[in-house]
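The next block holds one structure in the form of structure tokens; read it before the comments.
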Amino acid sequence: MKTIIMMLLFMVVSCGKESSPEGRSKIRDKNLQEQLDSLKLQNEQIIEDIRLIKKELNIENE
């Protein structure tokens, strides 16, 4: 009886997202999407900073 309970316990514990290839790929995809979103925000900020620098340089040159 104890062995059956232990086997069921191990089965439940091993059924997490990380245990299946599909679950691992979903976790990987989610992490990649978060990194991509972060890079997009950084890129937008860099573009805005460059625009402001160009604007400032044009004012100083005139």
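The values are calculated or read from the model by the stated rules, or taken from the named source; none is laboratory data. Here the structure is a predicted model, which is why all the values come from computation and not from measurement. Because the Cβ atoms are built from the backbone with ideal geometry, glycine has one as well, and the counts that use them run over all protein chains shown.
Just a few scattered comments:
- Asn58 being at pLDDT 80 or above and surrounded by fewer than 10 Cβ atoms within 10 Å (Cβ to Cβ): yes
- Of the residues making up region 20-62, those that are part of a helix (DSSP H, G or I) and hydroxyl-bearing (Ser, Thr, Tyr) are Ser25, Ser38.
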